[in-house]
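Notes follow the structure.
The values are calculated or read from the model by the stated rules, or taken from the named source; none is laboratory data. Bear in mind the structure is a predicted one, so any value in this text is a computation, not a measurement. What goes into the accessible areas is simple: the full protein's heavy atoms, side chains included, and nothing from ligands, DNA or RNA. Shrake-Rupley method; radii C 1.70, N 1.55, O 1.52, S 1.80 Å.
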Amino acid sequence: MSQIQRNWSNISIDDIIERIKCQQNSDTWYSYRQLSFGSSEIACMVGWDPYKSDKMQWLLHTKNEIQTFNEKQENAMKHGHENEEKAFQSYCKIMSIKNFWQCGLILHWQHAFMHSSPDRIVQCPNTNIYYGVEIKCPIDRENYYIKSNKFTKKYFKFDDWCLPPIQYIIQILHQCLILNIFFIDLVVYWTPS
């Protein structure tokens, strides 16, 4: 049976760990990111990321240029890095997660030009089901969620906000594809202010 035809519920943590090439933010991680497209870049490639243009992203990869960020982007990334562990610990407490693994860069099992780096892999309590966790720690709640509209009010029961931004939905779907797992939890964490 080919890996594509495998039953996702039979994926073991060993299947995932053996595909980890390197840890996040290492020199090797940055090198792999220059050679392949990651889950956080897919929305940009299809033109659905409001913060990056698809042309810019293509040039970054084809010419191996170093990506630069403005001060607001730098502050947002710093805020995310500073709060990610607190967010994950809160998530573990709420979800009763006991077993988890740091996740580095994982290449697609057939197409090495695609990769993903979810923040963690966790084991669903009292099962052998593994899934990913992607953590976002936005500074600005106001601009984070898609505002509710006629469609969202019909299908979802939220008053003021509904879905995370489309670039994160695309990122999560791509992570599922790369890891060959059924779902990824998106954890959104706001610091008290």
Residue-ordered couplings for the range 120-134, obtained by feeding phi - 60° into the Karplus form 6.51 cos²θ - 1.76 cosθ + 1.60 and rounding to whole Hz (Gly and Pro as x), are 8, 10, 10, 9, 4, x, 6, 9, 10, 9, 10, 8, x, 10, 10
Quick tally, 1.4 Å probe accessible area for Leu186, Leu107, Leu35, sorted with the most first, runs Leu35, Leu186, Leu107
Residues meeting the amide H criterion for Ile135 (H placed from the backbone, H to H distance under 5 Å, 5 or more places apart or on another chain) are Asp119, Val187
In nanometres, the difference between 0.36 nm per residue of separation and the alpha-carbon distance of Ala112 and Ile13 is 33.6 nm
